[in-house]
Every structure is written in structure tokens, then in C-alpha cells.
1. Could you tell me how many of the residues in the range 522-549 are part of a helix (DSSP H, G or I) and under 16 Å from residue 439 (Cβ atoms)?
2. Cβ-Cβ distance below 6 Å, separation of 6 or more or different chains: which pairs start in the range 152-163 with a residue that is not assigned by TED's automatic domain parsing to the domain that holds residue 186 and end on one that is modelled with pLDDT of 95 or more and outside any helix (DSSP H, G or I)?
3. Only one of (1) modelled with pLDDT under 90; (2) over 22 Å from the mean Cα position of the chain (by Cα); (3) surrounded by fewer than 17 Cβ atoms within 10 Å (Cβ to Cβ) fails for residue 358. Which number is that?
4. Being over 21 Å from the mean Cα position of the chain (by Cα) and touching a residue at least 40 places away in the same chain (Cβ under 8 Å) is the filter here; which residues of the range 316-341 pass it?
5. Could you tell me whether the range 101-113 includes any residue that is crowded, with 23+ Cβ neighbours inside 10 Å and closer than 21 Å to residue 31 by Cβ?
6. Quick one: residue 30 ticks every box in (1) within 20 Å of the chain's Cα centre (by Cα); (2) surrounded by 20 or more Cβ atoms within 10 Å (Cβ to Cβ) bar one, so which box is it?
7. List pairs: first residue in the range 489-505 and within 13 Å of residue 517 (Cβ to Cβ), second residue charged (D, E, K, R) anywhere in the structure, Cβ distance under 7 angstrom, at least six positions apart or on different chains.
8. So, residue 119, is that one β-branched (Val, Ile, Thr), buried (at least 24 other Cβ atoms within 10 Å of the Cβ) and under 16 Å from residue 85 (Cβ atoms) or not?
Amino acid sequence: MISNSRYWSLVFLVVLVYLAGMFVTLFENDSAQFAVMAMRMVQENDFLNLFKGTEEYLDKPHLHYWLAAFSYLIFGIQDWAYRIPGILAILLGAFSTYGLGQLLYNKNVGRIAALIFMTAQTIVLAAIDVRTDAVLTGFVILSIWQLATYANTGSLKALLLGSMGAGLAFSTKGQLAILIIGLALLSHLAYQRRWRVLFNWKVVWGLLVFALTIAPMLYAYYHQFDLHPEKVIRGKSDRSGIFFIFWEQSFERLSGEGMGSNSSDYFFFFHTYLWVFLPWTFLGIGAYAKHIKALFKSRFKYQRGYEFLTLGGITFFFLIASFSQFKLPHYLNSIIPLFAVLTASYIYKVNQDKTVKILLGIQYFVLSVIFIATVLICFLVFEFRNIYGLLVLLLFLLVIVYYCLKREAYQRKLITISVYSSLLLNGMLNLHFYPNLLTYQAGSSIAQVVDEMGIPVDKIYKLGDYHTWALDFYNRRPVQITSYEAIKNKRDIWVYATDDQIRELQNRDFDWDIQYTRAQFRITRLSLKFLNPTTRKKTLGKMHLVHIY
């Protein structure tokens with residue numbers, strides 16, 4: 001379907017895009033926040049207690065932070081070191097997606113599925129804006145693949161690997177991992193009528209491996225919370241970390257209790273899917289519809305060459321997650337491997353010239369939209385500042401034009417054009433858009449000033465408990481919290497302040513001799529006004545670093 005040389009050259013280019021994003025400044029809030037949380041572990045040699053700033057952190061388990069901390073211990077506290085575990089987990093996810101596609105269909109479907117997974121927009125984004133979901137996704141699909149292998153073959157090795165993967169996924173984000181793994185596997189067992197595999201003596205060994213895998217995380221929760229019932233977390237005392245992770249966590253998100261409610265839109269994940277699975281969005285919809293039609297036509301009787309693992313996992317997750325009162329786009333990351341396998345099987349099975357031509361026409365449309373977006377970003381939103389960037393873009397566009405004009409099998413061209421669409425978009429984002437965008441993140445910009453001017457980080461204070469994650473990380477030290485009264489008689493200190501706080505300092509007769517000001521924008525919440533250079537200034541705030549002498 002696609003030659004080895006082309007396949008591996010595409011994989012190589014995707015990995016290059018990942019590597020290009022490794023060295024971009026960390027994003028606020030989550031990436032920079034989690035990087036600081038792991039940094040504290042290393043600096044204080046405390047790997048049992050999780051803190052978000054000065055607050056005890058109950059919300060997520062420990063594994064993501066342990067992996068980041070381990071990377072720091074090897075490579076030093078660097079933004080690229082923080083991203084390494086997430087990227088490795090994504091590569092593990094790609095290999096596991098290949099394995100699942102091969103298990104359910106054949107090797108060719110597995111190869112295409114891995115490529116689709118690696119180039120899906122939310123996965124490429126997860127490699128640069130690393131949160132817990134990058135690690136979660138890798139371990140979730142590893143577990144699904146291995147446990148499905150056990151269900152099909154009875155392999156004890158696969159059962160143990162799958163149980164370990166489930167334990168690592170649970171140790172990364174809790175019940176969400178078990179929900180996704182469980183929905184996919186139960187769908188698989190129901191379709192193939194393989195319930196007997198659940199009542200095999202081997203399952204005891206799987207449960208034991210799962211228990212051993214989550215034991216370090218449970219001990220950390222027990223040490224931080226269960227041993228200290230006097231701690232007040234989110235307004236409640238006597239909080240059990242173990243009870244929370246086994247029972248309360250997901251129910252808090254479903255109900256909005258504790259975490260709060262951020263969306264009551266029941267179609268949130270449906271319209272979010274439209275961008276998170278780019279450039280494969282329409283192919284994924286076609287694959288889903290085709291699979292649903294085949295299942296209803298067969299009245300859900302088992303048919304060789306079909307499976308319900310991917311379709312069931314996707315459908316039931318969407319139904320359950322849509323009723324949650326707390327929703328975020330990256331919650332879909334862990335089912336992207338299922339979409340990838342489903343879509344790959346659809347592409348592989350399409351054998352009618354008319355259908356393939358229609359799909360290819362749709363992908364040409366997607367490519368043209370991405371091309372227009374790339375041109376607008378490079379020449380309007382943030383203009384190129386050097387000729388080399390323009391030359392690279394033109395060279396890449398020539399390669400895409402070559403493959404568009406090349407005479408070859410439609411399926412091969414369909415895959416190639418789709419991958420190049422992702423490469424064009426994300427290469428531009430990682431090398432041009434994000435570096436320019438992050439100049440409007442005041443915390444990292446001020447941290448650069450601190451480094452260049454040799455400002456002592458232990459003399460920097462902030463007024464209030466608002467978060468300064470990027471400044472904390474790049475200073476390698478959390479900014480100290482203070483008050484107007486506490487610094488009234490201090491001299492030779494630096495204060496990091498908002499516009500309102502600067503005015504209050506003036507009203508209270510504070511004097512300073514040096515002031516650095518940088519633009520501030522919540523970069524993860526883009527708006528058309530910000531993207532438009534003529535209206536951008538109206539959307540910007542300011543942060544200041546002043547020297548009180």
C-alpha cells in the first residue's frame with residue numbers, strides 16, 4: 001500500500017517535528033505548572049508529596065511528575081528534559097497502535113494506524129504542550145493492545161504486560177484510564193463472545209501485577225493524605241488519598257463538585273473532535289459511519305474482518321464523557337489510537353475508485369485550508385523575520401506539490417497528502433508560530449530578563465498568590481509571595497506585579513529605580529483580535545518587574 005522507504009521517511013519527518021517542539025518555551029498553565037511541580041520534587045528531594053505552588057495537590061496521581069523528575073535528574077532541569085517522557089510515551093503509543101491494528105486487522109492497517117496516530121493534531125500538540133495525557137495515552141493503548149492480545153490468544157505474557165500498562169495509566173491519571181481501557185475491552189469481548197477469558201486463573205496474576213504497579217502511587221497518596229487527616233483540601237478535612245483516587249476523582253469531574261463546572265455542552269467533544277483529529281477528521285467520520293452501518297447490517301453478529309473494540313470504545317466514551325460537567329479537549333487524546341485504527345482499516349478496505357477519489361478530494365480541501373492558514377500565520381499574524389524560514393517553507397511546499405501531481409495509487413496518495421498536511425501545519429507551528437506567540441507570555445519573558453541582567457532570584461517577590469509557573473520554572477525557583485506591609489521596610493528587592501499592583505505601589509509611596517515591562521496574554525486561549533496584528537494591542541495586559549531600592 002505504501003513503500004517502506006516512504007513510510008519511514010514520513011515517520012522520520014514526524015519525529016523531526018516533535019523534536020523541533022522540544023526546545024520551545026513551556027506553555028502556561030498546565031505544562032509549566034506540572035514542570036514546576038516535578039522541579040520541586042528534585043530540588044527538595046521529596047518524591048512522595050505533590051504540591052501545586054503552596055497547596056497540597058490531590059487531583060492527579062504521581063507518575064507523570066515522577067517521570068519528569070527522573071528526566072531532570074538525568075538531563076538537568078530544562079524544558080526539553082521535561083518533555084522527554086511525554087514524547088517517549090507518544091512513541092510507545094504509536095508502536096502500540098501499530099500492534100493493535102495488526103492484531104485486529106493486519107500489518108498494513110497497523111502501519112497506517114501508527115502514522116495516523118502520530119500525525120493527529122492533538123497528539124502532535126501533546127508532544128509540545130506536555131500534560132499528563134501524553135503519558136496516559138501511551139500506557140492506555142499499550143494496555144488495550146496487550147489485553148486484547150490476551151483475549152484472542154490466552155497469552156499470559158500479554159496479560160501481564162497489559163495489566164502493567166493499565167497500572168501505569170491509572171498511576172498517571174486515575175479512573176479515566178480504567179474507564180477507557182475497560183470500555184474498549186468489554187466491547188471487544190462482547191462482540192467476539194469471549195467472556196470466558198475473564199474467568200481464567202491467569203487473571204489473578206494480571207490483577208496482582210496491576211496491584212504491584214499502582215502500589216508506589218497508593219503509598220504516596222497514603223503518606224501525604226491518609227496519614228494526615230487534619231489537612232484541609234478544597235475546604236474538607238479528613239481526606240483519604242486512596243479513597244479519592246479509587247472513588248471520588250471521576251465523580252467529582254462528572255458532577256462538577258470539587259473541580260467546578262466548565263461546560264454543560266453535551267456536544268462539546270463532538271465539535272472538539274473536528275480539530276483534534278485533523279487532518280484525518282473526515283476520514284474518521286467516514287470510517288465510523290461505515291463501521292456502524294456494517295454492524296447494523298449484520299445485526300451485531302460476529303463477522304470476520306470486523307471488530308467492535310475501537311467503535312465501542314469510542315462510542316461509549318463519548319456518551320459517558322459528554323455528561324461530565326468538567327470537560328477539556330485533551331480528554332480525547334487517549335481514544336485517538338482507537339480512531340486511528342478504525343480510520344486505517346477504512347482506508348485499507350476502500351477499493352472503489354469513485355470513493356477513493358472523493359476521499360482524496362476531501363483531503364485536498366483539508367490541505368488547501370491548512371495551506372491558507374499557514375500563509376496567513378507566516379505573513380500576517382507573525383511575519384517571517386529571516387529569509388531562511390521562507391526558503392524552508394517554499395521547499396516544503398514544492399515537495400507537497402510534487403506528491404499532489406505524482407501519478408500513483410489513490411490510497412497511497414491519500415495517506416501521503418494527509419501526513420504532509422499535518423507536517424506543514426505543525427512544522428510551521430513549532431518552528432514559527434509558537435516561538436513568536438510565547439513572546440507574549442510575560443512569565444517566561446521576564447525570566448529571560450532575570451537571566452540576562454543577573455537579577456538574584458531569591459530577591460524576587462510577588463504580591464498575592466496568583467500563579468507564575470513560567471517565571472518559577474525558568475528562574476529555577478518559585479517566586480516568593482509577599483504583601484505590601486511585609487515589604488514596606490525591605491530594600492534591594494524585586495517585585496513582580498500587575499498593572500493594578502504597580503498603581504497600588506505608587507499610591508503607597510514605594511520607590512523603584514529600575515522597571516522591566518513585558519506584554520502578557522493567556523496564550524492557550526487565542527482570539528481573532530489577538531491574531532490580528534492591528535487589534536492585538538487591545539488584547540494585551542502587562543506584567544512588570546521593579547527594583548525597590
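1. Step one: filter the range 522-549 for residues part of a helix (DSSP H, G or I), giving 528-531, 536-539.
Checking the rest, the ones that are also under 16 Å from residue 439 (Cβ atoms) come to 530-531, 536-537, 539.
Within the range 522-549, residues that are part of a helix (DSSP H, G or I) and under 16 Å from residue 439 (Cβ atoms) number 5.
2. Within 6 Å, no pair qualifies.
3. (1)
4. Of all residues in the range 316-341, those over 21 Å from the mean Cα position of the chain (by Cα) come to 316, 319, 323.
Scanning the range 316-341 gives 316, 323.
5. So far as the range 101-113 goes, no, none of its residues is crowded, with 23+ Cβ neighbours inside 10 Å and closer than 21 Å to residue 31 by Cβ.
6. (2)
7. Pairs that qualify, where the first residue is within 13 Å of residue 517 (Cβ to Cβ) and the partner is charged (D, E, K, R), are 496/462; 499/542.
8. Values: β-branched (Val, Ile, Thr): yes; buried (at least 24 other Cβ atoms within 10 Å of the Cβ): yes; under 16 Å from residue 85 (Cβ atoms): no.
Answer is no for this residue.
The values are calculated or read from the model by the stated rules, or taken from the named source; none is laboratory data. These figures come from a predicted structure and were not determined experimentally. FYI the Cβ positions are ideal-geometry reconstructions off the backbone, even for glycines, and counts take in every protein chain you see.
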